[in-house]
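First the structure, in the form of structure tokens, and then the observations on it.
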Amino acid sequence: MNNKFDSNKKIFIANDHAGFQLKHFLIKNNSELKWEDLGIFNEETSHYPEQATKLCQLMLKNQNEDHVENDEPSFGVLVCGSGQGMAMKANRFSKIRAAVVWNEDSARLAREHNNANVLCLGSRLLSFEKANHIFAVFINTAFKGGRHLERINSLD
């Protein structure tokens, strides 16, 4: 896959114990990006809500500091066993739109229609290569705006 990443975007990434290996695979295979690895840094049992909270708080702080309107200056990637728990916690934060995706089409639609800014991946459900392709589609897909913007605005 030919990745055409915008290397100016910061990518925050966090994981629980189940997502440790996939996180490292994504960082290694997309080393041209500006990653901020928020941990965890081993495979010892951890609590995904803490990692999702850390990522969301830093993303929101980063967005406020950049004073960017209608443009996401950063993305987040949360990796756990299924992606579900991370997404549930992340979506409790205003301005965070976390999407659990399972293929390239769900990644594309999450960005085009929902302006998702956090990708949630299930390390126990996806091969590492598939997750990497999903990540590339997610990062490279733009929000369509238009009729979708009103719906996004109603989320907060």
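Computed values, structure above
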| read-out | value |
| --- | --- |
| Any chance Ala131 is without any contact (Cβ under 8 Å) to a residue 40 or more places away in the chain and either within 16 Å of Gln21 (Cα to Cα) or buried (at least 23 other Cβ atoms within 10 Å of the Cβ) (or both) | no |
| Candidate set: region 53-71, residues that are under 21 Å from Ala136 (Cα atoms) and at pLDDT 90 or above; chosen: the one surrounded by the fewest Cβ atoms within 10 Å (Cβ to Cβ) | Met59 |
| Pair list, Cβ under 8 Å, 6 or more apart: region 44-65 residue free of Cβ contacts under 8 Å to residues at least 40 places away in the same chain, other residue buried (at least 17 other Cβ atoms within 10 Å of the Cβ) and among the acidic types (Asp, Glu) | Ser46/Asp16; His47/Asp16; Gln51/Asp16; Gln63/Glu72 |
| Which numbered condition Ser74 misses (of (1) of a type in the set (S, T, N, Q); (2) out of contact with any Lys or Arg (no Cβ under 8 Å at 6 or more places or on another chain); (3) modelled with pLDDT under 95) | (2) |
| Output for region 92-112, where each listed residue is under 18 Å from Phe143 (Cα atoms), at pLDDT 95 or above and surrounded by fewer than 18 Cβ atoms within 10 Å (Cβ to Cβ) | Asn103, Glu104, Asp105, Ser106, Arg108, Leu109, Glu112 |
| In region 134-144, residue nearest to the chain's Cα centre (by Cα) [restricted to those that are surrounded by 20 or more Cβ atoms within 10 Å (Cβ to Cβ) and among the β-branched types (Val, Ile, Thr)] | Ile139 |
| Residue in region 31-57 that is nearest to Ser123 (Cα to Cα), counting only those that are assigned to a helix (DSSP H, G or I) and touching a strand residue (DSSP E or B) at 6+ places or on another chain (Cβ under 8 Å) | Tyr48 |
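The values are calculated or read from the model by the stated rules, or taken from the named source; none is laboratory data. Because the structure is a prediction, the values reported are computed rather than measured. So basically every Cβ, Gly included, is an ideal-geometry build from the backbone, and we count neighbours across all protein chains shown.
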